[in-house]
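See structure below.
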Amino acid sequence: MTEALLEVTDLTKHYPVRAGVLRRQVGTVHAVDGVSFSLGTGETLGLVGESGCGKSTVARSVLRLVEPTSGQIRLEGEDITHLSKTALRPHRRSMQIVFQDPFASLNPRMTAGDIVGEPLAVHGLASGKELEARVARLFEQVGLRPDQMQNFPHQFSGGQRQRICIARALALEPRLIVCDEPVSALDVSIQAQVINLLIDLQRQHGFSYLFIAHDLAVVAHISHRVAVMYLGRIVEIADKDELFRNPRHPYTQALLASVPVANPLAKKLVPLVDGDVPSPVNPPSGCAFHTRCRFAMERCRTERPALLDAGDGHQVACLLNEGTGRNNAVA
Amino acid sequence: MANKSDLVLDVKNLKTVFFTNSGLFKAVDDLSFTVKRGETLAIVGESGCGKSVTALSLMRLVPDPPGRIVGGSVTLEGTDLLALDEAQMRAVRGNRISMIFQEPMTSLNPVIRIGDQIVEAVRLHRNLSRKEAGEIAVEMLRLVRIPEPARRAREYPHQLSGGMRQRAMIAMALACRPALLIADEPTTALDVTIQAQILALILDLQRELGTGLVLITHDLGVVAQTAQRVIVMYAGRKVEEAGVEALFAAPKHPYTRGLMASIPAVPASGAPAQARLNEIPGTVPSLVRLPQGCAFAPRCKLAVKRCEAEYPPLADWGGGHLAACWRAEEVAEVA
Ligand SMILES: Nc1ncnc2c1ncn2[C@@H]1O[C@H](COP(=O)(O)OP(=O)(O)OP(=O)(O)O)[C@@H](O)[C@H]1O
Ligand SMILES: Nc1ncnc2c1ncn2[C@@H]1O[C@H](COP(=O)(O)OP(=O)(O)O)[C@@H](O)[C@H]1O
Ligand code: SF4
Ligand code: SF4
Ligand SMILES: [Mg+2]
Ligand SMILES: [Mg+2]
């Protein structure tokens, strides 16, 4: 096992819910609730889960764009959880983010070249001709033409705008790139282009991805390991192949069964869970999934399952079978 | 083979154009298709290819200006909808033909209780008392499996979750038992577990009520799991049509083939980690400046001289498998 580039321990982020004229606190959003994982150099960890389960909050906490309520974030061995703005600055270079919406995240009044070059200029790493040459190289790396540097964001298609965002993230030669739904807004044929680009760049530069998406197939495709989140917690984490072949958490199983397979001869869709995800404001007690779980037992309402080793490199948070979850193979 | 009277919808040579600042373009060009009673026809394609404009054209809801239906016919149960005046169309819309949208709030009024909205929709078309219509409303909410339907009927849209709002919209669309339901990306905004619930619900109800369904989506997985027949659109045109099994087994158009190869699949065991996907190079062309010949030519690996000069006609390659490509016969071998 390589040394972990990123290590997140017991990360928690709560938001108060206020109401009334006195803005009294009436509840707590458990956006992230005790999340731990590590990410190796050159590795891609996929983070999946339904809307509102806390994926983006994990991403933003890792980058210190939101302040965690508790827990620890270590980057390259150093605890960065409480570093001041200035102390954080050198680390900012090592971690970059690519967002879902390539429209909102680009300044419409700047040229594409200036957008990509800005981090280099801000960090005083290049200027003048040197800056221009480096930006041109970044454009080529992401499959854009250097003659497009003079164009403004609205002159690019959605896929091209995402390439601009990726080029900008690459500029500072980061070690970690957090991708928050980077292809969700793109058409399928364009999505494939961007996924391929991300894979190629990782092979060339060896950086790590924390890759967030709600599309399981996309996550499966790009990740080495996958973590499944439900209501602020990781319920299962395993190597990609292991997770998809032998999912152990009832929620992961339901999630996989819900994916419409692009093969008309394959087994038809079976909704394995009823109802909607409960609100993260005061989420269910015990196992947060117990309100929708087909296998819920009495103790699931009160006991919170820990994320435990279940063999085969699998970690599962489910009380079934002494904490190893439901074995899909025998079901 | 289908009996003629089984035909719910017969669209012939539909053409819808938009007049915009950057010029006139055909959002839907020469589109023909049919839907039988109880049948699901999927329309699939990338954003901007004309799926929603097709749906709005069938409903006669194309915003005018800037849009206008300039040709063709839309025959619903024997009546050409394009020949009706607006009053006659209002009697059909929401009654014999209904539509559900990606965003439920497009068709739900935020300040009217769910039940009352269904009551109004029903009373617009049927001569019923409020009480009778109210009973139908609760019955419809039960049919779409909303728990405690009588209580929910008294709630406002914002009091329901996203999945429930989608169910309420479906209840309203089906309240008059339409012959045809058009669903434009009905699950695109939903989480995958909710999507599975809603798709299963739509298909169950369709079977129960015998409704014809036009399901619009960009997701080939949804197509494979729901449709009997599929139309693939590219740049406003139908480029391929086939039964769902034939389409997935042997797509005839290079674009369809490219789309299928570019979607990642949940890994089969033994698949190498991080294999590159097959991508279709380039982007969808602007409708204002379409190439003269095949619109897909600039992105097509198989393109030859002829493709750039002449638009390929839709030809039948056997068993109702249509494709508009000069090289359709070779696609399976070459691509
Ligand atoms: N600034 C905030 N104040 C209050 N609540 C917040 C805030 N940011 C996020 N939340 C809540 O925390 C929960 C997790 O949000 P988050 O954005 O991390 O979800 P997500 O998994 O990224 O969802 P999606 O798939 O929709 O992007 C949600 O319930 C959200 O409403
Ligand atoms: N109200 C409108 N005004 C101008 N152009 C429109 C309008 N509605 C749709 N279009 C254009 O028509 C084309 C087809 O759009 P649409 O049917 O919405 O695509 P989709 O297949 O994504 O549903 C697109 O180029 C779109 O920009
Ligand atoms: S702990 Fe109980 S409720 Fe939670 S997933 Fe396991 S069986 Fe279901
Ligand atoms: S007609 Fe020519 S360009 Fe068009 S899809 Fe067929 S081979 Fe490709
Ligand atoms: Mg998010
Ligand atoms: Mg649309």
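Here are the numbers for this structure:
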| quantity | calculated |
| --- | --- |
| Percentage of interatomic Cα-Cα distances in the protein assembly as shown larger than 36 Å | 46 percent |
| Computed accessible area, A:Arg145, all protein chains, 1.4 angstrom probe, square angstrom | 130 Å² |
| At q = 0.07, 0.16 Å⁻¹, base-10 log of I(q)/I(0) for chain A (Debye sum, equal scatterers on each alpha carbon) | -0.32, -1.39 |
| In order through the range B:306-312: 3J(HN,Hα) via Karplus (6.51 cos²θ - 1.76 cosθ + 1.60), integer Hz, x for Gly, Pro | 4, 4, 6, 9, 10, 6, x |
| Modelled label reach - A:Thr302, point 7 Å along Cα→Cβ, the range A:275-294 residues with backbone N closer than 13 Å | A:286-287 |
| Accessible area of chain A belonging to carbon and sulfur atoms, whole % at 1.4 Å probe | 50 percent |
| Reach of A:Lys85 by Cα under 15 Å, taken over aspartates and glutamates that are not fewer than 8 positions away in the same chain | A:Glu67 |
| Cβ-based net charge around A:Val277, under 15 Å, with every Lys or Arg adding one and every Asp or Glu removing one | -1 |
| R0 of 41 Å, Cβ-Cβ distance B:Leu124-B:Glu310: FRET efficiency to nearest 0.05 | 0.25 |
| Local electrostatic count, A:Glu50, Cβ distance below 10 Å [Lys/Arg +1, Asp/Glu -1] | -1 |
| Cβ neighbours within 10 Å from other chains - mean over B:278-285 | 5 |
| Shielding score for B:47-58, defined as the mean number of other chain Cβ atoms within 10 Å | 1 |
| Heavy-atom accessible surface of chain B: percent carbon and sulfur, 1.4 Å | 51 percent |
| Neighbourhood charge, 9 Å Cβ-Cβ cut-off, centred on A:Gly117 and excluding it, Lys, Arg +1 and Asp, Glu -1 | -1 |
| Accessible-area ranking of A:Ser184, A:Ser189, largest first, probe 1.4 Å | A:Ser184, A:Ser189 |
| Per-residue mean of C-beta atoms belonging to partner chains within 10 Å, peptide A:220-226 | 4 |
| Cross-link reach list, lysines versus A:Lys13, counting only Cα pairs under 17 Å and skipping chain neighbours closer than eight places | A:Lys55 |
| Cα gyration tensor category, rounded, prolate or oblate, for the range B:97-190 with a/c compared to 1.5 | oblate |
| Inter-site label distance for B:Gln159 and A:Phe295 at 7 Å from Cα along Cβ, in nm | 3.7 nm |
| Rounded to the nearest 10 Å², the accessible area of A:Leu144 at probe 1.4 Å | 10 Å² |
| Ranked packing of B:103-110, B:8-15, most packed first, by mean Cβ within 10 Å | B:8-15, B:103-110 |
| Inter-centroid distance (Cα atoms) of the range B:296-335 relative to the range B:42-106, Å | 29 Å |
| Rg over Rh, two decimals, the range A:103-256 (C-alpha only, Kirkwood Rh) | 1.04 |
| For the range B:29-77, radius of gyration divided by Kirkwood radius, i.e. Rg to Rh on alpha-carbons | 0.96 |
| Under 16 Å from the Cα of B:Lys301 - aspartates and glutamates, other chains or at least 8 residues apart | B:Glu279, B:Glu329, B:Glu330, B:Glu333 |
| Area projected by the alpha carbon convex hull of the range B:189-335, averaged over all directions, nm² | 11.2 nm² |
| Helical contribution to [θ] at 222 nm, DSSP H n ≥ 4, -39,500 (n - 2.57), averaged over chain B, rounded to 500 | -9000 deg cm²/dmol |
| Heavy atoms of B:Glu308 accessible to a 1.4 Å probe, total area in Å² rounded to 10 | 120 Å² |
| Unit charges at the beta carbon, dipole of chain A: most positive-side option, A:Val259, A:Thr111, A:Gly124 | A:Thr111 |
| Principal-axis tilt of helix A:158-170 within chain A, Cα atoms, nearest 10 degrees | 80 degrees |
| Among A:81-92, A:125-136, the order from most to least packed when residues are scored by Cβ within 10 Å on average | A:125-136, A:81-92 |
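The values are calculated or read from the model by the stated rules, or taken from the named source; none is laboratory data. If you're wondering where the values come from, they're calculated on a predicted model, not measured in any experiment. We place every Cβ from the backbone using ideal geometry, glycine too, and count neighbours over all the protein chains shown. Only protein heavy atoms, including side chains, enter the accessible area calculation; ligands, DNA and RNA are left aside. Shrake-Rupley method; radii C 1.70, N 1.55, O 1.52, S 1.80 Å.
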